[in-house]
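Input: a single structure, listed below in structure tokens.
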Amino acid sequence: MSDDQRPITLHGPEDPETEQRLRDALRREADAVHPGNRLDAIRTQARRGSPPVGRTVLGLVAAALVLVVGGGVLGTVLLRNGSGGGADTAAPANARTASEPPAASSSGSVAPPASATPPTTPSTSANSAGVATGLPVYWIGPGDKLFREFVTVPDRGGRALTAVREMLGSAPADPDYRRGPWAESVSDSTAISVTQRGEDLTVDLPAAAFDTSAPVSRAEAMAAVQQLVWTVTAAVQAQGSVTVLIDGKPGQAWGLVDVGAPVRRDADARSAVWIDLEEGRQVSTGTLTVKGTSRAFEGTVQWTVTRPDGSVAAEGHTMGGSMETYEEFSFTTTLPAGTYLVTVFAPDMSGRARDVGADTKTIVVR
Amino acid sequence: MTPDVTTMTTSRLGAPARWAAEWPENWQSVAVSRADKLLEELYEGQWARMVRLAALLLRSTDHAEEVAQDAFVQIYRRLHKFATADDAVGYLRTCVVNGVRSVQRHREVVQRLQPPPPAAPPGPEELAVRADSDRTVLAALDTLPQRQREVLVLRYWSELSGKEIAEALGISEGAVKSHTHRGVAALRAALDGQETGDE
């Protein structure tokens, strides 16, 4: 057929005949697929792995505190020490189910449809006792540095233990962060324990918690030990040391890092910059205030707000901590509706490179 | 008792750490019901579409539901990012595409380990009665590179814009245009060739 000689470019998308044939074939093929119902399976799987419960509102509240739209400025971010803020030893082991949605209270508009609530809520006292609120969990990000996210999740044995379980088995909301070389499957293990004596903590993990199925670098292993130290101390606001044990004994984490002796938070383990902004945060148009903490050479951090095409919508610099201390930074900008990437980075001594530390968050301005 | 407000400063370590928050009284119920409500809305609107998308991309119904289920689980864990179910659709679609790719990678490994099956026997789903013309078109689609197939399915079945396809696949709009162009051209060439051969 002479069609073979036809220049191929003539049959690009302006080829209505081929396009229509493809459309029809795909439609009929798709129509022949009849999906079963998996809604319950989705719910069960989602809750088993990483209960999303309350990240929603945690985000709303935490972000409302750090990100003030409309020009207002909040002072220091404070913690109201809620139900789970004290000792972490007494919560019931089966409290996990207790955080299934309680009946909506004062705000009538949020009552879930009956079908959305699995009939597992054991008691009425579950509302507050069964949820760990505003729990800081640390993740490993670029440069094997630690980054922090807040989660609000079903209690799984007290704040410290819940935080450790989240860190082992959950996943960060920010795509730049990762869990670290922990074996997700052990996050529910009864072999995990956290004990507190004064300001000092001991975390006992089963050997299976240290996932060696993929290669682990020494830097990553050290970061992951600090990830555990930061997470467990933050959960109970302890300021002392953390002793990590493997099956009750000192040992080698991932065969790379000795554990068993008390260690403290390493101030260098965290990223030089943290933006206190929930990933994917939606905000109204108006003045946007972005806050966070940083430590940079001479204190100056640079910030940029870029559009999805990479063009810069706004940029500037502001002051955070310098030398040894992390201090709060803050800047404001006004953005029209759209999706943006907020980047804050600590320049190196040349004032240009961003290798020293950076954090990025996506925001949607509506 | 527990103080109303607490700050913690680990000055010794040089790292002041202060954390959240003042909570509205009913925040737990708001959170739970909002996530569930969004999930239900999203499920109702998108479940069948996403399973079918996975089936078209996989060219098989095997694993299509699993891929879609995993995508919904992922999205459920991130529902806090989205104001409405509609906002989450793009992300959901990306999860499906990525899930499909992961199944395909696995398949490639399995196929490398096993001898190829004799002369492409039809799978159960291929046994369904289907117009010859459709079978020819879909067979031609199968011969295209993966990226082109993805672009064509998203464009001509999901009816997405270039921008939406670019987002779903993590490529530029220009790349979408060129994949579409080349994909349709290659499809036409394959169809012409087949139909010539059949005559």
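The values are calculated or read from the model by the stated rules, or taken from the named source; none is laboratory data. Note that the structure is a prediction, hence the values are computed from the model and not measured. Here the Cβ positions follow ideal geometry from the backbone for every residue, glycine too, while neighbour counts run over all protein chains shown.
The set of residues in region A:252-286 being hydroxyl-bearing (Ser, Thr, Tyr) and either under 24 Å from A:Gln237 (Cβ atoms) or at pLDDT 95 or above (or both) consists of A:Ser271 alone. With respect to A:Val33, determine if the residue is at the interface with chain B (Cβ under 8 Å from one of its Cβ atoms), at pLDDT 85 or above and not in a helix (DSSP H, G or I). Here the answer is yes, as A:Val33 does meet what is asked. The residues in region A:348-366 that are at pLDDT 90 or above and more than 24 Å from the chain's Cα centre (by Cα) can be counted, and the count is 0.
When region B:130-149 is filtered for residues that are surrounded by fewer than 15 Cβ atoms within 10 Å (Cβ to Cβ) and either over 16 Å from the mean Cα position of the chain (by Cα) or of a type in the set (D, E, K, R) (or both), the ones remaining, listed by number, are B:Ala131, B:Asp132, B:Ser133, B:Arg135, B:Asp142, B:Thr143, B:Pro145. Only one residue in A:Phe297, A:Phe345 is within 21 Å of the chain's Cα centre (by Cα) and among the aromatic types (Phe, Trp, Tyr), so which one is that? Checking each option against the conditions leaves just A:Phe345.
The set of residues in region B:41-61 that are more than 8 Å from every other protein chain (Cβ to nearest Cβ) and among the basic types (Lys, Arg) comprises B:Arg49, B:Arg59. For region B:43-55, the tally of residues that are touching a residue at least 24 places away in the same chain (Cβ under 8 Å) and over 11 Å from the mean Cα position of the chain (by Cα) stands at 4. Flag: A:Ser170 matches the condition of being under 23 Å from A:Ala207 (Cβ atoms), of a type in the set (S, T, N, Q) and within 12 Å of the chain's Cα centre (by Cα). On the stretch given as region A:200-217, residues that are modelled with pLDDT of 90 or more, surrounded by fewer than 16 Cβ atoms within 10 Å (Cβ to Cβ) and within 30 Å of A:Gly357 (Cα to Cα) total 1. Assess whether A:Ala171 counts as being of a type in the set (A, V, I, L, M), part of a loop (DSSP other than H, G, I, E, B), surrounded by fewer than 24 Cβ atoms within 10 Å (Cβ to Cβ) and within 14 Å of another protein chain (Cβ to nearest Cβ). When the stated conditions are applied, A:Ala171 passes them. The set of residues in region A:248-284 that are assigned to a loop (DSSP other than H, G, I, E, B) and closer than 24 Å to B:Arg78 by Cβ comprises A:Ser271, A:Asp276, A:Leu277, A:Glu278, A:Glu279, A:Gly280, A:Ser284.
The number of residues in region B:75-91 that are in contact with a Phe, Trp or Tyr (Cβ under 8 Å, 6 or more places away or on another chain), facing chain A (nearest Cβ under 8 Å) and part of a helix (DSSP H, G or I) comes to 1. Taking region B:150-178 as the range and being in contact (Cβ under 8 Å) with a residue 12 or more places away in the chain and surrounded by 23 or more Cβ atoms within 10 Å (Cβ to Cβ) as the test, the residues that pass are B:Glu150, B:Val151, B:Leu152, B:Val153, B:Leu154, B:Arg155, B:Ile165, B:Ala168, B:Val176. The residues listed here are A:Thr195, A:Thr162; of these, the one that is touching a Ser or Thr at 6+ places or on another chain (Cβ under 6 Å) and either away from chain B (no Cβ under 14 Å) or at pLDDT 95 or above (or both) is A:Thr195. If you scan region B:62-74, which residues turn out to be closer than 19 Å to B:Leu169 by Cβ and either more than 12 Å from chain A (Cβ to nearest Cβ) or modelled with pLDDT of 85 or more (or both)? Hits for region B:62-74 are B:Ala64, B:Val67, B:Ala68, B:Asp70, B:Ala71.
Yes/no matrix, rows are residues, columns are (1) of a type in the set (Gly, Ala, Ser); (2) buried (at least 23 other Cβ atoms within 10 Å of the Cβ); (3) touching a strand residue (DSSP E or B) at 6+ places or on another chain (Cβ under 9 Å):
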residue	(1), (2), (3)
A:Gln237	no, no, yes
A:Ser241	yes, no, yes
A:Leu245	no, no, yes
A:Pro250	no, no, yes
A:Leu256	no, no, no
A:Arg270	no, yes, yes
A:Glu279	no, no, yes
A:Ser284	yes, no, yes
A:Ala296	yes, yes, yes
